[in-house]
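Taking it in order: structure first as structure tokens, then the write-up.
The values are calculated or read from the model by the stated rules, or taken from the named source; none is laboratory data. Bear in mind the structure is a predicted one, so any value in this text is a computation, not a measurement. Cβ placement follows ideal geometry from the backbone for every residue including glycine, while neighbour counts extend to all protein chains displayed.
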Ligand SMILES: [Zn+2]
């Protein structure tokens, strides 16, 4: 696999980033990413991934565009209100970069459809807006062993989860019996904070997708007794939870290792089996 | 000494679960970081708080929007 002349020009500024620029760009071209939810998080995430040269995306959203989406959902315009999000998003993304292959699911997928979509992808990205969908994708991530990058934003809170098969899972933290978590409908949302969170997620995704298998293997180890190679080039701190905070000396995401719940109904058995 | 969301607290509790009870935390949707570790609620009852050392605790609401 190589890049065409036009791709060389298009990606020239990324190719300048380091001696392995071409290899990194080719890894992006070979990747397929599942983006579940094309709202305030999913729009910028998909846009950055496609523009950067990710070869294929599976875009899933069953909603139609609403007027109240427009302040933060950057792929949609006023004239798109009432149209399916996934369809409009795909059309805009194709204009941004015709080299990306886009697969579109514009209805709420059932478990089997989502499982099949997940199986085809290298990474699952949770940009959804409700707890049951988040738990469902988390289960499928565990089942398939695929890494899951998740973002969640409501009100003035922004949270990120970086999870893989070696780390605790989302359900360790969030009980499926909880009726609801706060969302944008109930709490409102800060449009710039959603975009910032989405771009933090996209940056981490690109780091991961461009890394070599060796680099990923180095970045994976995480556990209570194993200090995280946080901040190293290409390392994605799986098993970490990020929370946006503005304090006296720092504006941005604070990262915390997530401890496993040994009795987690989703990953508990796997965790115990692995020890 | 306990610090809860950067504020000194006079509360005393033997475990995180006891602290949650003192603080009347809602039963759902809350996350707690103890000394930079995010601890699932299932671990709170078995996580002791020592009076011999400082503990830094952050409590916040989990959200699900996107
Ligand atoms: Zn779990």
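Below are the figures for this structure:
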read-out: Residue count for the stretch A:254-273, restricted to those that are modelled with pLDDT under 50 and either more than 12 Å from the ligand (Cβ to nearest atom) or in a loop (DSSP other than H, G, I, E, B) (or both); value: 1
read-out: Failed item, numbered, when residue A:124 is tested on (1) surrounded by fewer than 16 Cβ atoms within 10 Å (Cβ to Cβ); (2) touching a residue at least 24 places away in the same chain (Cβ under 8 Å); (3) over 17 Å from residue A:51 (Cβ atoms); value: (1)
read-out: Filtered residues of the stretch B:47-66 (kept if more than 12 Å from the chain's Cα centre (by Cα), within 11 Å of chain A (Cβ to nearest Cβ) and not in a strand (DSSP E or B)); value: B:62, B:64, B:65, B:66
read-out: Long-range neighbours under 6 Å by Cβ, at least six apart or interchain, first residue touching a residue at least 60 places away in the same chain (Cβ under 8 Å) and more than 9 Å from chain B (Cβ to nearest Cβ) within the stretch A:252-268, second part of a loop (DSSP other than H, G, I, E, B) and within 6 Å of the ligand (Cβ to nearest atom); value: A:266/A:169; A:267/A:169
read-out: Those strands (runs of 3 or more DSSP E) lying entirely in the stretch A:91-178 with at least 3 residues away from the ligand (no atom under 16 Å from the Cβ) and more than 11 Å from chain B (Cβ to nearest Cβ); value: A:101-105
read-out: Hey, residue A:62 at pLDDT below 95 and outside any helix (DSSP H, G or I) or not; value: no
read-out: Residue list for the stretch B:18-46, filter: surrounded by fewer than 19 Cβ atoms within 10 Å (Cβ to Cβ) and assigned to a helix (DSSP H, G or I); value: B:18, B:21, B:22, B:42
read-out: Cross-chain or 6+ apart pairs with Cβ under 9 Å, the stretch A:169-191 first and at positive phi, then assigned to a loop (DSSP other than H, G, I, E, B) and more than 11 Å from the ligand (Cβ to nearest atom); value: A:188/A:156
read-out: Yes/no for residue A:193 being surrounded by fewer than 21 Cβ atoms within 10 Å (Cβ to Cβ) and not in a loop (DSSP other than H, G, I, E, B); value: yes
